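Below is one structure, written out as structure tokens; the observations come after it.
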Amino acid sequence: MNLDIQTMLTALAVMLLGNGMISGFTWKNAKLERAVFGFWSMGQILFSVGMLLIALRGEISVFLSLIVGNLFLVGGQVAIQEGFAVYVGQKGLYRGMSLVNICLLLAGVIYAAYFEPSVNLRIVIYSAAASAMSLLSMITLQKKEGAKNAPEKMFIYLQALHIFLMLLRSGAALLQNEYASLLHPASIQAWIIMGLLSYYSCQSLCFFWLVARRLSMEVQRQAVTDPLTGLSNRRALDEALQQLGEKNGDGIGFLFIDVDNFKTMNDCYGHQAGDSFLIRLADEIKKNLRADDLAFRYAGDEMAVIIRKCNQENLLQAAERIRTKVNEIEIIWEGRSVKATISIGAALSTERNNMESLIKRADDALYEAKAAGRNMVRVGEAKRENKDGAE
């Protein structure tokens, strides 16, 4: 039976090593989420080595099997925690707590191995350290903004499962004495190992599910994002207008923004200078919008803005604010000052399913601003219909 327990642990170590190698290969070839794959691969390999050292207890030194083995196991969790921190966009989150946890584990295991030898105490110390890391991982995932998706929720449940298994081991250590040893031929150990096998297997599958979903979302984001300015693109604008057209009008404002004499800028200073100006223009537009407003690169040097829940006064204020701020933009390109003005066509709609008319009126207003001398805002007025339906 003892051989069977060791065989199960060895099989678990081999499975973890395989997961680590697959993750490592993915890390080498991945462009997106590279750091997450790297930490996950490191964690799986550390888990594998730690589990193998534990399985070889009695055949290798106490230092390797107990001290190094336990450090590798918890070190694997620290690596996973680092990966979660990168995933939620807070690199290094709780790193200090993780290091303190490792130091406490090291001191506790050395004490329970050499100064007051006790299998039960070692199990309780390791279980506490492992539970602490799982708890930190749960808290880290909770730091992600927005609602949790399915793989994120599953990861949280799996960390809770790991804490339960560690509490089960601690309980066995305190109540069953020597039968709590992971290598002891007792049924409780088979259940714990099966639980760990299920935990690590599900965790590996869940990780690839999590990253695959993240990559899919990133691809979708890139499909609706202009690579130069970082604004949403024409496709995203069409989708936003379609969604707004399906809702009751609540004062929807639309701006068409066009750079005056942009072709002349490109001819005089080069297209790279023009691109630099467009990037600054996009940044200035975003700075002068509210959180609910949306900015898009419509085509070439033309930008579009959707302003929600506004009246004509708010719309004009936003347009004039953007126009004034853009006038202050100055780019130094190859020692020369590059400046430009913008013309803006604005339109307001309070009706549902009237987005095409809204865009048409803003576009007409933009041409009016250009014809009137540029560097100004013009508003496209809605045409009213009489009772007979004629304009």
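The values are calculated or read from the model by the stated rules, or taken from the named source; none is laboratory data. All figures in this text were calculated on a predicted structure; none of them were measured in a lab. Cβ placement follows ideal geometry from the backbone for every residue including glycine, while neighbour counts extend to all protein chains displayed. Accessible surface is based on the protein model in full, side chains and every heavy atom, while ligands, DNA and RNA are left aside. Shrake-Rupley method; radii C 1.70, N 1.55, O 1.52, S 1.80 Å.
Scanning region 170-204 for residues that are of a type outside the set (Ser, Thr, Tyr), loosely packed, with under 14 Cβ neighbours inside 10 Å and modelled with pLDDT of 75 or more returns LEU174, LEU175, TRP191, MET194. Checking every residue in region 148-161 against the condition of being basic (Lys, Arg), open to solvent by less than 40 Å² (accessible area, probe 1.4 Å) and in a helix (DSSP H, G or I) gives zero matches. In region 24-52, the residue that is modelled with the highest pLDDT out of those that are hydroxyl-bearing (Ser, Thr, Tyr) and closer than 21 Å to LEU71 by Cβ is SER48. In this structure, is LYS263 under 14 Å from LYS339 (Cα atoms) and basic (Lys, Arg)? Taking the combined requirement at face value, the residue satisfies it. Here ILE188 passes the criteria (1) within 13 Å of LEU158 (Cβ to Cβ); (2) over 21 Å from the mean Cα position of the chain (by Cα) except the one numbered (1). The single residue among GLU302, GLU328 that is modelled with pLDDT of 90 or more, of a type outside the set (Phe, Trp, Tyr) and surrounded by 15 or more Cβ atoms within 10 Å (Cβ to Cβ) turns out to be GLU302. Any chance region 78-97 includes a residue that's open to solvent by 50 Å² or more (accessible area, probe 1.4 Å) and within 30 Å of SER61 (Cα to Cα)? Yes: one or more hits. Screening ILE344 on (1) within 12 Å of ARG378 (Cα to Cα); (2) of a type outside the set (Lys, Arg); (3) touching an Asp or Glu at 6+ places or on another chain (Cβ under 6 Å) shows it passes everything except condition (3). Applying the set (1) open to solvent by 20 Å² or more (accessible area, probe 1.4 Å); (2) part of a helix (DSSP H, G or I); (3) not β-branched (Val, Ile, Thr) to LEU66 leaves exactly one unmet item: (1).
I need the full set of residues from region 309-325 which are closer than 23 Å to SER232 by Cβ, crowded, with 17+ Cβ neighbours inside 10 Å and touching a residue at least 60 places away in the same chain (Cβ under 8 Å), in order please. Correct list: LEU315, ALA318, ALA319, ILE322.
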